[in-house]
Amino acid sequence: MFYLRKLIISEHLRGLLAYMAATKAPATKERKSSFSRNFSAPPESSVPGLKKGLNGTIFLSSGIPDLDEILGGGFHLGSLVMIMEDTEAPHHMLLLRNFMSQGLVHNQPVLYASPSKNPRDFLGTLPSILVSKDDKSRKTDSEPDLRIAWQYKKYHGENKPHFEEQDGKAEYCNDFDLKKPIEKHLIMENRVECVSLLDCPSLAGLRDSCSKFLSQIPRYDGKLTSAGRIAIQSFCAPQCEYYDKEWDMLSFIRSLKSMVRTSNAVAFLTFPASLVSSSVSKRLQHMADTLLSVKAIPDEDKELASLLTGYQDMLGLLSVQKVARFNTQVPVILDATTFSIKLQKRRSLVLECLNQAPVDGSSGSSYGTSGSCSGSSKTGALDF
Amino acid sequence: MDPPASLLDEALNLSENSNLERRVVLIEDCVETSGAFVLHHLLKHFLSSSSDSVVIFIAFAQPFFQYDRLLRRLGCNLVVQRENKRLIFFDMLMLECPDDGVESGLTALYGNIYKAVEVNSVNKNVTIMIDDVSLLEVAANGSTKDVLNFMHYCHTLTNQFDCTIITVLHEDIYSSEDVFSLPLQMEYLADITIKTEPLLTGLAADVHGQLTVLNKGTTHGLGSLKSKIRNFRYKVMENSVDYFLPGSRS
């Protein structure tokens, strides 16, 4: 028994060391990978933080392991990801923080724009990698499935191998500890540019900084070396000067999309959909390659609480409205489009399918008594 | 082409010999169901038909390499077609019309299209495809009037040079606006309207949505103007699209 524990600890240490080595010198390992359809290159990704997907696309992690799985691997390199905010709750910030932290962990340059006066202050709130002693499942690749509640294993089982750590390589996607701020040196060492949207009266400045940022990322020429991340928070916030110039905003997004499309970067943009006119919101939704929306759930919603299991632990809901389809015309149809956002051990973000609570026999509904009918868990039956 | 024509081809009267000459086709879609696959299908049809047809493609939504990869899966090589001068590709992704130059920007674009049509129209079928009119509107800084003028000018080409126009419009953008809306005007111009919608019951893995094809019919047949409405479901696959009638699948 004692021996076994020692073994586990040593394994844990080894994983940690391997991880540290990989984050220190990620650029040393360069191997061929390819945008094109021929899969002559070895299937594993050559650069930490990038992964090959179907149809010759390359994925970049969202910073939330569950979201990567839901989207089939992460965000497509070259895609425009949009999050529709809940104006009353800051849930989009959770996604944004993880997205940026993941970029910093992988030593990817990050451009951050927000409507605050000092956007650089936001970097202090980014989460750091989750390193907990009891949670060995993530670091050592022994049993990655343990992290997810066992009853969901059957839904997530297939894609698991992607997330296993390969010896000497950094993980594609990390868990982040929302309680611990990111290490200072990660911010200092990486190229992080911050832009305040308040300083951009006409959006031309923001466009220039984006195109400058993208031009400094090495272009794809046979082998992939690095990728960049653009994070724009609350793009259409009313305090911005350009708020009433709808067409300027739309044309900025349009040019951002076409700039990102031809570069090795992902643009991640949140916008308050309810604060812009519905036609602008629809236009933005059309332009997004991947479209998500977040929603807070009210504290005391008795009806919902009786309908869903684990209602108390939920922070909010995330819906996947559109998944990017690159190099294919087949739409991605997910089994469930709405997921609950939860905190695991009050630290790391997890997404779970909605699970319908067992029907209460005393509720008096017609099929309430026959438990076997509703016994099979109906995932994602609720669409908000 | 396989002998039993698909429901879409049937509804469009599309076959080896008939190529929708002088027709204006409007594809309307929404966020949930993209209508791009119809455009891909038509692009492939025009480029692979044996007759000499030329496609002028005005791209606002996707860059050339994306269309190239998509069409390759459908069995059509756009690079080769471009070299053979059967495809003329205008990359308009970065087209910007400044506030005071909307008209001149669109005029220049129209001038280019006109030149391309004029050169190619001798003994050939020319098809003009615009992959996203809604983005054209954004490029024109929201000036619907200029966009409509542009579309009217393009429309005149159908009579002058016997060419076909195919456009895509995101219809759900405009649903809240009422009086003077682009979709109404575009539908008026169009001879054939193809609309993609999700099913009322939502999206499913087997049914990706439904298509409604409104064919206003041809006027040259003894003045009998018969419009036809067809409605069917579809499922998009990698290299083809499966069309079927509701209930015809178990």
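The values are calculated or read from the model by the stated rules, or taken from the named source; none is laboratory data. Since we're looking at a predicted model, the values are computed, not measured. Cβ placement follows ideal geometry from the backbone for every residue including glycine, while neighbour counts extend to all protein chains displayed. Protein only, heavy atoms only, side chains kept; ligands, DNA and RNA dropped before computing areas. Shrake-Rupley method; radii C 1.70, N 1.55, O 1.52, S 1.80 Å.
Please verify whether A:Ser319 is touching an Asp or Glu at 6+ places or on another chain (Cβ under 9 Å), more than 24 Å from A:Leu349 (Cα to Cα) and open to solvent by less than 60 Å² (accessible area, probe 1.4 Å), treating the condition exactly as stated.
no
Identify all residues within region A:216-263 that are open to solvent by 10 Å² or more (accessible area, probe 1.4 Å) and closer than 26 Å to A:Leu123 by Cβ; write none if there are none.
A:Gln216, A:Pro218, A:Thr225, A:Ser226, A:Gln233, A:Ser234, A:Pro238, A:Gln239, A:Glu241, A:Tyr243, A:Lys257, A:Met259
Of the conditions (1) open to solvent by 70 Å² or more (accessible area, probe 1.4 Å); (2) of a type in the set (A, V, I, L, M, F, W, C); (3) out of contact with any Phe, Trp or Tyr (no Cβ under 9 Å at 6 or more places or on another chain), B:Leu184 satisfies every one except a single condition; which number is it?
(3)
Quick one: B:Glu177 ticks every box in (1) touching a Cys at 6+ places or on another chain (Cβ under 9 Å); (2) of a type in the set (Asp, Glu); (3) modelled with pLDDT under 90 bar one, so which box is it?
(1)
How many of the residues making up region A:74-128 are of a type in the set (Gly, Ala, Ser), within 15 Å of the chain's Cα centre (by Cα) and part of a helix (DSSP H, G or I)?
The total comes to 2.
Please indicate, with yes or no, whether at least one residue in region B:102-110 is closer than 26 Å to B:Glu21 by Cβ and open to solvent by 60 Å² or more (accessible area, probe 1.4 Å).
No, region B:102-110 contains no residue that is closer than 26 Å to B:Glu21 by Cβ and open to solvent by 60 Å² or more (accessible area, probe 1.4 Å).
Filter region A:264-275 down to residues that are open to solvent by less than 30 Å² (accessible area, probe 1.4 Å) and in contact with a Pro (Cβ under 9 Å, 6 or more places away or on another chain) and give me whichever is modelled with the lowest pLDDT.
Residue satisfying both the conditions and the ranking: A:Asn264.
Collect the residues in region A:247-260 that are within 7 Å of chain B (Cβ to nearest Cβ) and either in contact with a helix residue (DSSP H, G or I) (Cβ under 7 Å, 6 or more places away or on another chain) or not polar (S, T, N, Q) (or both), keeping them in residue-number order.
A:Trp247, A:Leu250, A:Ser251, A:Arg254, A:Ser255
Please specify each residue of region A:176-186 satisfying the condition of being in a helix (DSSP H, G or I) and within 24 Å of A:Asp68 (Cα to Cα).
Answer for region A:176-186, where residues must be in a helix (DSSP H, G or I) and within 24 Å of A:Asp68 (Cα to Cα): just A:Leu186.
Name the one entry in B:Lys124, B:Lys115, B:Lys85 that is of a type outside the set (A, V, I, L, M, F, W, C) and in contact (Cβ under 8 Å) with a residue 60 or more places away in the chain.
After ruling out the rest, the residue left standing is B:Lys124.
Looking for something at pLDDT 90 or above, touching a strand residue (DSSP E or B) at 6+ places or on another chain (Cβ under 8 Å) and open to solvent by less than 10 Å² (accessible area, probe 1.4 Å) - is there at least one such residue anywhere in region A:48-57?
Looking through region A:48-57, none of the residues is at pLDDT 90 or above, touching a strand residue (DSSP E or B) at 6+ places or on another chain (Cβ under 8 Å) and open to solvent by less than 10 Å² (accessible area, probe 1.4 Å).
For the structure I just gave you, tell me whether A:Pro298 is outside any helix (DSSP H, G or I), more than 15 Å from A:Glu85 (Cβ to Cβ) and not basic (Lys, Arg).
Considered against the rule, which asks whether it is outside any helix (DSSP H, G or I), more than 15 Å from A:Glu85 (Cβ to Cβ) and not basic (Lys, Arg), A:Pro298 comes out as yes.
Mind telling me which of the residues A:Thr328, A:Thr337, A:Thr290 ends up being under 20 Å from A:Ala89 (Cβ atoms) and within 13 Å of chain B (Cβ to nearest Cβ)?
A:Thr337
Scan region A:187-200 residue by residue and report those that are open to solvent by less than 50 Å² (accessible area, probe 1.4 Å) and either in a helix (DSSP H, G or I) or of a type in the set (Val, Ile, Thr) (or both).
Result: A:Ile187, A:Val192, A:Val195, A:Leu197.
For the structure I just gave you, tell me whether B:Val126 is of a type outside the set (Asp, Glu) and over 27 Å from A:Lys322 (Cβ atoms).
Answer is yes for this residue.
Anything in region B:111-154 that is open to solvent by less than 10 Å² (accessible area, probe 1.4 Å) and among the hydroxyl-bearing types (Ser, Thr, Tyr)? List them, or say none.
If the condition is that a residue be open to solvent by less than 10 Å² (accessible area, probe 1.4 Å) and among the hydroxyl-bearing types (Ser, Thr, Tyr), then B:Thr127, B:Ser134 are the ones that fit.
Sort through A:Ser274, A:Ser293, A:Ser281 and tell me the only one that's assigned to a strand (DSSP E or B) and hydroxyl-bearing (Ser, Thr, Tyr).
Checking each option against the conditions leaves just A:Ser293.
Looking at B:Asn84 and the list (1) surrounded by fewer than 18 Cβ atoms within 10 Å (Cβ to Cβ); (2) more than 16 Å from B:Ser134 (Cα to Cα); (3) within 14 Å of chain A (Cβ to nearest Cβ), which single condition is not satisfied?
Going through (1) surrounded by fewer than 18 Cβ atoms within 10 Å (Cβ to Cβ); (2) more than 16 Å from B:Ser134 (Cα to Cα); (3) within 14 Å of chain A (Cβ to nearest Cβ) one by one, B:Asn84 breaks only (3).
Looking only at residues that are facing another protein chain (nearest Cβ under 10 Å) and not in a helix (DSSP H, G or I) in region B:63-81, which one is surrounded by the most Cβ atoms within 10 Å (Cβ to Cβ)?
Ranking the candidates gives B:Leu74 first.
Would you check if there is a residue in region B:34-53 being touching a helix residue (DSSP H, G or I) at 6+ places or on another chain (Cβ under 9 Å) and in a strand (DSSP E or B)?
yes
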